[in-house]
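The values are calculated or read from the model by the stated rules, or taken from the named source; none is laboratory data. These numbers come from a predicted model, not from an experiment. Note that we place each Cβ from the backbone using ideal geometry, even for glycine, and neighbour counts take in every protein chain shown.
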Amino acid sequence: MDVSTPFVALLFIGLLSLFLLVARKPSPSCGDGRRLPPSPPGLPLLGHLPLLGSLPHRKLRSLAEAHGPVMLLRLGRVPTVVASSAAAAQEAMKTRDLAFASRPRVRMAERLLYGSDMAFAPYGEHWRQARRVCVLHLLSQRRVLSFRRAREREAAALLDRVRRAAVRDAVNLSDLLISYTNGVFLRAAFGDDVGGYELDGGEKLRKVFADFEELLGTVTVGEFVPWLAWLDTLTGLDAKVTHTFEEMDALIERVIADHRQRRRGGRRKEDDHRDFVDVLLDVNEMEEDADGVRFDTAAIKAIVLDVFAAATDTAYTTLVWAMAELINHPHEMRRVQEEIRAAVGGGDHVTEDHLSELRYLKSVIKETLRLHTPLPLLLPRETVEDTELLGYHVPARTRVVINAWAIARDPATWERAEEFVPERFADDDPTDDQYALGQDFRFVPFGAGRRGCPGVEFGVPTIELALASLLYHFDWELPAGGASTLDMDELNGLSVRLKATLHLVSKPWSPQ
């Protein structure tokens, strides 16, 4: 049965109304003298779920302003500690990293990622070996450099699409950037042949990928309130998950089968041309490389999808937000264009050799990541033992959420915290880690510690090359006759995206 969103909303509100007269506040202690974090009033059974709204990172910041940088919420049956300060993030991801190193069960991830992935895996041997394979085999500096051809090829295709679209009307840059980021990932993960799907932005492939990312960022009602799990079926969510999983599984299964057939025929790729599937099949065939943990086909699929979700969604979201901020800040747009055009020196195109010279471009990207952290609430952690956070007791098996978005906009640690000011990063040492993974806990867009994102080095050049290429070859502005600035409202999902579609006018530029 097809149930409309308004009907479901009314139904859910009706259920909530049964409990509105019985709000309570959790006890501030455990009964043995240990202090639990402060907690706002909640509802029986539902706890604080109704407080989160459509943009939870914003609502949680408001709650933290009233209740402090460490709060205890009860999301249905799930006790959840929320950390909203750099000090709390540092303690959870560095000082007491091991105690906070696990992940809770996330039903959507279990259904879409075979229960064998790395990002959502609980702390243990499978996670250690999966991360080892990713760090040493898939995402090493050497392997990332080997995908340079894929990135430059897709950047050239992006520019061609902009030129073709600009002939007709304003460019739907959001649409073209999705094709770009998907294309880079597909060539890196699967090679140039994707099992009969159209590689360059085919509609069927894009629809499957878009549904996968949307669902992975969807929270099921039944996960937090089991007695309301029927809502996930009633709304069609369960059926959509099953269909999307089957579509994605069929695609990857076909790609893996093609790779295995080629390998059986003795046609193995040279090391610098191996894609992710080739590398994972090597690990699968050499058990000793994984210290006795065998990576079966399900694990290969899960890790490929992990990298897809992390790499494409982050890159796409950051590129869109960066272009949106530059459109609203034309002075900064001109400054970064002047830097790029001086570095390229009249050449035909931007290459990755130019990227190390583009310090202000890196500042623009860092400031974009600060203001628009792609995953504002980092993937949830779970404590493996009783521990503490800023002096508060946190019991074992408590879910922990770090509000990286709130931390990056904290006026106590950032001047002009709500403004787009790339210059704040202009004096950073270019020889340092440009994106501060685990170095500055005021800025943690990729997490830190054991559960920090291992794919930063893969995603960053994808972002830098596309942004530099777009700004080198074109001047950009909003369509005439419309608003003078771009609406920066947010849309929540796997990442928090720009709600508006990025329709821009592109004007070709060439050196004199």
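Given the condition hydroxyl-bearing (S, T, Y) and free of Cβ contacts under 8 Å to residues at least 24 places away in the same chain, answer yes or no: does some residue in the range 433-445 qualify?
No.
What residue, among those in the range 240-278 that are closer than 22 Å to C134 by Cα and modelled with pLDDT under 85, is surrounded by the fewest Cβ atoms within 10 Å (Cβ to Cβ)?
Result: E270.
Run down D440, D487 and say which single residue is surrounded by fewer than 12 Cβ atoms within 10 Å (Cβ to Cβ) and charged (D, E, K, R).
It is D487.
Just for the range 320-357: of the residues that are part of a loop (DSSP other than H, G, I, E, B) and touching a helix residue (DSSP H, G or I) at 6+ places or on another chain (Cβ under 6 Å), which one is nearest to A155 (Cα to Cα)?
Among residues in the range 320-357 that are part of a loop (DSSP other than H, G, I, E, B) and touching a helix residue (DSSP H, G or I) at 6+ places or on another chain (Cβ under 6 Å), the one nearest to A155 (Cα to Cα) is V350.
Is at least one residue of the range 109-131 outside any helix (DSSP H, G or I) and among the acidic types (D, E)?
For the range 109-131, residues outside any helix (DSSP H, G or I) and among the acidic types (D, E): present.
Taking the conditions exactly as written (among the polar types (S, T, N, Q), in a helix (DSSP H, G or I) and touching a helix residue (DSSP H, G or I) at 6+ places or on another chain (Cβ under 9 Å)), does T462 satisfy them or not?
Yes: the conditions hold for T462.
Considering only residues that are in contact with an Asp or Glu (Cβ under 8 Å, 6 or more places away or on another chain) and of a type in the set (A, V, I, L, M), look in the range 84-107 and name the one that is farthest from V384 (Cα to Cα).
The selected residue is A86.
Can you name the number of the only condition in (1) surrounded by 20 or more Cβ atoms within 10 Å (Cβ to Cβ); (2) in contact with a strand residue (DSSP E or B) (Cβ under 9 Å, 6 or more places away or on another chain) that S174 fails?
The failed condition is (1).
I'd like the residue in the range 465-498 that is in contact (Cβ under 8 Å) with a residue 24 or more places away in the chain and in a strand (DSSP E or B) and, out of all such residues, is nearest to A188 (Cα to Cα).
R497
In this structure, does R96 turn out to be surrounded by fewer than 20 Cβ atoms within 10 Å (Cβ to Cβ), in contact with a Ser or Thr (Cβ under 8 Å, 6 or more places away or on another chain) and farther than 21 Å from P44 by Cα?
yes
Looking at the range 171-202, which of the residues that are among the charged types (D, E, K, R) and farther than 21 Å from K499 by Cα is modelled with the lowest pLDDT?
Restricting to residues being among the charged types (D, E, K, R) and farther than 21 Å from K499 by Cα, the top hit is D200.
Within the range 345-354, identify whether any single residue is closer than 30 Å to S84 by Cβ and surrounded by fewer than 23 Cβ atoms within 10 Å (Cβ to Cβ), and answer yes or no.
no
Can you list residue pairs whose Cβ atoms sit under 7 Å apart, with the first residue in the range 47-65 being of a type in the set (V, I, T) and the second being surrounded by 19 or more Cβ atoms within 10 Å (Cβ to Cβ)? Count only pairs 6 or more apart in sequence or on different chains.
Correct list of pairs: empty, since none qualify.
What single numbered condition from (1) aliphatic (A, V, I, L, M); (2) in contact with a Phe, Trp or Tyr (Cβ under 9 Å, 6 or more places away or on another chain); (3) part of a helix (DSSP H, G or I) fails to hold for L375?
Answer for L375: the failing condition is (3).
Restricting attention to the range 130-161, and to residues there that are surrounded by fewer than 20 Cβ atoms within 10 Å (Cβ to Cβ) and among the aliphatic types (A, V, I, L, M), which single residue is farthest from T318 (Cα to Cα)?
Ranking the candidates gives L136 first.
Kindly indicate whether any position in the range 499-509 is in a strand (DSSP E or B) and under 19 Å from the mean Cα position of the chain (by Cα).
no
Kindly establish whether V384 is over 25 Å from the mean Cα position of the chain (by Cα) and touching a residue at least 60 places away in the same chain (Cβ under 8 Å).
Taking the combined requirement at face value, the residue does not satisfy it.
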